1. Counting only heavy atoms of the protein chains, get the accessible area per residue of segment 207-256 (1.4 Å probe) and round it to a whole Å² value.
2. Starting from the Cα of Lys239, draw a straight line to each of the lysines and keep only those under 24 Å, dropping any in the same chain fewer than 8 residues away.
3. So between Met577 and Asp221, what do we pick up on full extension, going 0.36 nm a residue minus the alpha carbon distance?
4. Given a Förster distance of 45 angstrom, what is the FRET efficiency for Leu51 paired with His547, based on the Cβ-Cβ distance and rounded to 0.05?
5. How many angstrom separate the Cα center of segment 267-304 from the Cα center of segment 614-681?
6. Would you mind checking which residues have amide H under 5 Å from Ser136's amide H? H placed 1.01 Å from N; only 5 or more apart, or other chain.
7. Per residue, how many Å² of accessible area does segment 533-658 show with a 1.4 Å probe?
8. Return the distance in nm (one decimal) between the two label points of a simple spin-label model at Asp112 and Arg178, each offset 7 Å from Cα along Cα→Cβ.
Amino acid sequence: MTSMQKLYLLVPLAPLAGAILAGLGGRVLGRAGSHTVTIFGVLVATIASALVFVDVVYRGNTFNGNVYTWSTVGDLTLAVGFLIDPLTALMMLVVSFVSLMVHVYTIGYMADDPGYQRFFSYISLFTFSMLMLVMSNNFLQLFFGWEAVGLVSYLLIGFWYKRPTAIHANLKAFLVNRVGDFGFILGIGLVFAYFGTLDYAAVFKAAPGFVARGQTLPGTDWALITVICICLFIGAMGKSAQFPLHVWLPDSMEGPTPISALIHAATMVTAGIFMVARMSPLFELSEAALSLVIVIGAITALFMGFLGIVQNDIKRVVAYSTLSQLGYMTVALGASAYSVAIFHLMTHAFFKALLFLAAGSVIIGLHHDQDLRNMGGLRKYMPVTWITSLIGSLALIGTPFFSGFYSKDSILIATGASNVPGSGFAYFAVTVGVFVTAFYSFRMYFLAFHGKERFGQAHDEDHEDEEPTGDHHHGLAAGEKPHESPAVVTIPLILLAIPSVVIGFVAVDKLLFGDFFRDAIFVDAKAHPSMGVLREHFHGATAMALHGFVTLPFFLALAGVLLAWFFYLKRPDIPEMLAQRFSALYALLVNKYYMDRFNEIVFAGGARAIGRGLWKGGDVALIDGAAVNGSARLVGWFAGVIRFVQSGYIYHYAFAMLIGIAIVLFFFLTLPYVWPALTAR
């Protein structure tokens, strides 16, 4: 094993070692020891990822091979292997860096929590799982990492396991992801059944031949490659919270804020985006699959953004923002702009982690009150949180020169140039989504940091419509003032704010128009011209940003910001009036399009009805009633009949014997004459 291969192993194993030490030895290590070993493990992974990134991107060294053979079955080898290319190197660096910031932030946020050591063990294990996912070179290891992040997210969302709401939320996340994972494993099963291997490179090499031969799914006229891609994308819909499998993500706010940043910024929810980009050689062979991807992404981007407008919980606003931005990434994937999707994944990881952690800082400053209606005027009390939140918000809405602008504007151009069926609707959705994003983002910003101070007041009775979320609702006492968070909270905010400003400007040329992804991502440029059109529009990062000031998306974003300012700082009576006048629409948004209710009635209620039917009809009536108790009653009835015959008198038995002999004689004497007549008929 070479030194670089050892470095590859070090990246996932260092967080795993920290997780094991904190998890099994947390009582011995104590709080300081637990956060030390886990942070050190993730720090080692971050440094190693940076070294790998330099080696891959600047020296051109890649690796694709197995490091451990798990099992051999005939000609099939099931192995743990790494595919280290530019796509993997970028994901490794983003995941490990954001995770490191979350680990450091957690020291301050979870300082008083009795599950301190357990939490550090979980988030370190989560980091290991995500790294194994992005580094995999085969579908088996991909599925292992896929399920591992799902399992650990279940533990983290339900971290406060004594709360019924937390248990409901993690169970909901687990079940919804199982729906997506069912499609995912069907796709992997089809890959193995028809390609005979689970190795990425072998599958990608053989796939064009299957298309050329017109291979269909047996018994149908469906193209095999389309069925495989759609099944794999169903897995991505669950993991990356795409409509209609998005319902788990807002409820996952039941977990502590640090895990909201980790799950919803750079790791779990981006796994589906990464997977589709990794599978680009397959998706490029199926226009039907790309059409489904772009339409689902467009629905998610627009309609989940609408829900962010009516949220009063600061974490839920950011959560619906995550849903919408994941929709933007998915639209880019459907437009065959895979590198743009990964670019937005990277920029989004920084500014969305920043916004989540800033929201957590606000929650700390208000003694765990996270209702926007109880905030206002926090700017002068929490200056670091205020400025970093502003930076994150400006990046989120795509302000020119900020990181989000370069990736978001590229998505808009690529979608407009796409020729995939459904791309027209997608372009409309992502364009309108620019205004919606700006409106709900700055609604949150203005309500939290500007305007009238609304904290330190009695407010619980007025907020019965608000769903409870993960962090405790205490709030400030009357006359008490907010305070800035400690350095272990604010330093990660500052470190995340820096790439939220500059990473787009620095990376746009290299990631989108250079040879950064080389052989990691495949695009059929003739069939799908989006990247070619995007390249024609690009004349440098500075020119792109300057041109951004005179485009429609900029004016839509500006209109969203100004409208939010007018509604929530100048005329706060207008939103209340609109909510009353359009009460049906407001109720639709507040109830999240009634999708939770629909799932509860149709799917959960249907499953309960089926279970009740199987219980009463199958178990009680058929098995217990007919088979078990019925056979017992039959034996009892037969025994009751026989009881009359078994009288104990000899002359009864003699009479029965004579009757029996008479019947037998009658049978044997008449059969030779009756049988021929019966058979003749």
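The values are calculated or read from the model by the stated rules, or taken from the named source; none is laboratory data. On a predicted model such as this, the values are computed, not experimentally measured, just so you know. Please note: Cβ atoms are built from the backbone with ideal geometry, for glycine as well, and neighbour counts cover all protein chains shown. When the accessible area is computed, the model is the full protein with side chains, heavy atoms only, and any ligands, DNA or RNA have been set aside. Shrake-Rupley method; radii C 1.70, N 1.55, O 1.52, S 1.80 Å.
1. On the way: 1580 Å² over 50 residues.
It amounts to 32 Å² per residue over segment 207-256.
2. Once the sequence-local lysines are set aside, what remains near Lys239 is Lys172, Lys315, Lys352, Lys408, Lys592.
3. Extra length available between Met577 and Asp221 comes to 122.7 nm.
4. Details: r = 37 Å, r/R0 = 0.82.
That gives a FRET efficiency of 0.75.
5. Distance between centres, Cα-based: 68 Å.
6. When sequence neighbours closer than 5 places are left aside, the close amide H contacts are Leu83.
7. Working: 9180 Å² over 126 residues.
Dividing the accessible area of segment 533-658 by its residue count gives 73 Å².
8. In this crude label model, Asp112 to Arg178 measures out at 3.7 nm.
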